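The values are calculated or read from the model by the stated rules, or taken from the named source; none is laboratory data. Note that this is a predicted model, so its numbers are computed, not measured. Here the Cβ positions follow ideal geometry from the backbone for every residue, glycine too, while neighbour counts run over all protein chains shown.
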Amino acid sequence: MKPGISPDYLIYGAGAIGSVLGAFLHKIGRSVTYAGRGEHFRIFSEKGLRITGIWGEHIVPAQETEILSTLPPKTQFSIILLCVKSKDTDAAALDAASLLKEDGIMVSMQNGLNNWEAIARQVGEDRTVGGRVIFGAEILDPGHARVTVNADDVLLGEPFLPVNQPLLVALQSDLSLSGIPCKIVSKDEIWAAIWGKVLYNCSLNPLGALLEVSYGRLGEYAETRDIIKVIIEEIFLVMKAKGVAVSYQDADEYYHYLLERQLPPTAGHRASMLQDILLGRQTEIDALNGAISQYARAYGISTPYNDLLTALIKFKEKKKAFSSIPDYYFQECETIGR
């Protein structure tokens, strides 16, 4: 990409997070195309996209909403922001690979582990960017997404090899200019950041889904606190074996940080993993506790708590659909980092 040329963006997976990213890039005049599915995507394709919440209101009119299926064949993009669930990463990266320009970058804006590796298998390590996204968004109604919380800056980094630097800098600059705080970090920092988010997700998501309680309730009882502590200890054993460095000295330090600093602001949240189950969707357990168990087996490490949580969530996924869905789930967030 020549200096001064704005990248053209494809939002691949236009759910809550993808909608916010695309709408904010549109706000500063960038070329944005969407690829998605479901009722939310259909409605905003036809009637336009509305974003509300803590970062203000923005409307993308229907006539300014570019949809991938309406573009000429062989259209390609400088930057593809992959916003699909982890379970769909392999298929999505394969499908999107042909849409990426030769000098372009594909950026994971996702939860969980193994997404970056899946992208790299399709487009190469020198076109793969890792993202740590920790703002929250929800779809209030089809065509309407709301930003609910922002815990920290979006982080971007090169997990494997150097990528197209002008494009990476342009992405960081565009997101920051649009109102989404963002910065570029080193290879070690981006890996530490994604594992830090995995610690949080693995500690709370499956327990909240299995017990059907908010995150705050998990911290109120000694029984659940004890389970959380062992989950964290097992993950630290895996991180040590893999040589992953995070900003916490040990499992005990992170355990107290989780309970004292991370849990209180999100005490009222319910696990998006439970919402997936109740709506008959596959969860991201294989990219969270399931990935921890997989790594542990490779290193000969015992992780019985993570193994058990993974098995129980998989069982719950396979149960017949519930006869009714509690009303509060229609108000819950589809939140990255939750």
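Descriptive notes on the structure:
- Search result, residues across segment 211-245 that are outside any helix (DSSP H, G or I) and within 20 Å of ALA192 (Cα to Cα): GLY243, VAL244, ALA245
- Long-range neighbours under 6 Å by Cβ, at least six apart or interchain, first residue in the same structural domain as GLY208 (by TED's automatic domain parsing) and within 21 Å of PHE236 (Cβ to Cβ) within segment 280-294, second hydrophobic (A, V, I, L, M, F, W, C) and in a loop (DSSP other than H, G, I, E, B): ALA287/LEU113; ALA291/LEU113
- Subset of segment 17-65 (residues that are under 19 Å from ALA96 (Cβ atoms) and touching a His at 6+ places or on another chain (Cβ under 8 Å)): SER19, VAL32
- Residues of segment 85-141 satisfying the condition of being basic (Lys, Arg) and under 16 Å from the mean Cα position of the chain (by Cα): LYS85, LYS87, ARG132
Results for (1) over 23 Å from TRP191 (Cβ atoms); (2) in contact with a helix residue (DSSP H, G or I) (Cβ under 6 Å, 6 or more places away or on another chain), shown as yes or no for each residue.
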{"site": "GLY15", "(1), (2)": "yes, no"}
{"site": "VAL20", "(1), (2)": "yes, no"}
{"site": "LEU49", "(1), (2)": "yes, yes"}
{"site": "LYS87", "(1), (2)": "no, no"}
{"site": "LYS101", "(1), (2)": "yes, no"}
{"site": "SER108", "(1), (2)": "no, yes"}
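- Residue match in segment 185-205 (condition: buried (at least 19 other Cβ atoms within 10 Å of the Cβ) and of a type in the set (Lys, Arg)): yes
- Residue within segment 197-216 that is aliphatic (A, V, I, L, M) and touching a Gly at 6+ places or on another chain (Cβ under 6 Å) present: no
- Test result for LYS27, touching a residue at least 60 places away in the same chain (Cβ under 8 Å) and either out of contact with any strand residue (DSSP E or B) (no Cβ under 8 Å at 6 or more places or on another chain) or not assigned by TED's automatic domain parsing to the domain that holds LEU167 (or both): no
Residue by residue, here is whether (1) among the acidic types (Asp, Glu); (2) without any contact (Cβ under 8 Å) to a residue 12 or more places away in the chain; (3) within 19 Å of SER31 (Cβ to Cβ); (4) surrounded by fewer than 19 Cβ atoms within 10 Å (Cβ to Cβ) holds:
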{"site": "ALA91", "(1), (2), (3), (4)": "no, yes, no, yes"}
{"site": "LEU99", "(1), (2), (3), (4)": "no, no, yes, no"}
{"site": "VAL123", "(1), (2), (3), (4)": "no, no, no, no"}
{"site": "VAL133", "(1), (2), (3), (4)": "no, no, no, no"}
{"site": "ASP152", "(1), (2), (3), (4)": "yes, no, no, yes"}
{"site": "VAL163", "(1), (2), (3), (4)": "no, no, no, no"}
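- Any hit, segment 78-101, residues being among the small types (Gly, Ala, Ser) and at positive phi: no
- Only listed residue being of a type outside the set (Val, Ile, Thr) and touching a Ser or Thr at 6+ places or on another chain (Cβ under 7 Å), chosen from GLY243, GLY268: GLY268
- Residue within segment 229-240 that is more than 30 Å from ILE28 (Cβ to Cβ), surrounded by 20 or more Cβ atoms within 10 Å (Cβ to Cβ) and of a type in the set (Asp, Glu) present: yes
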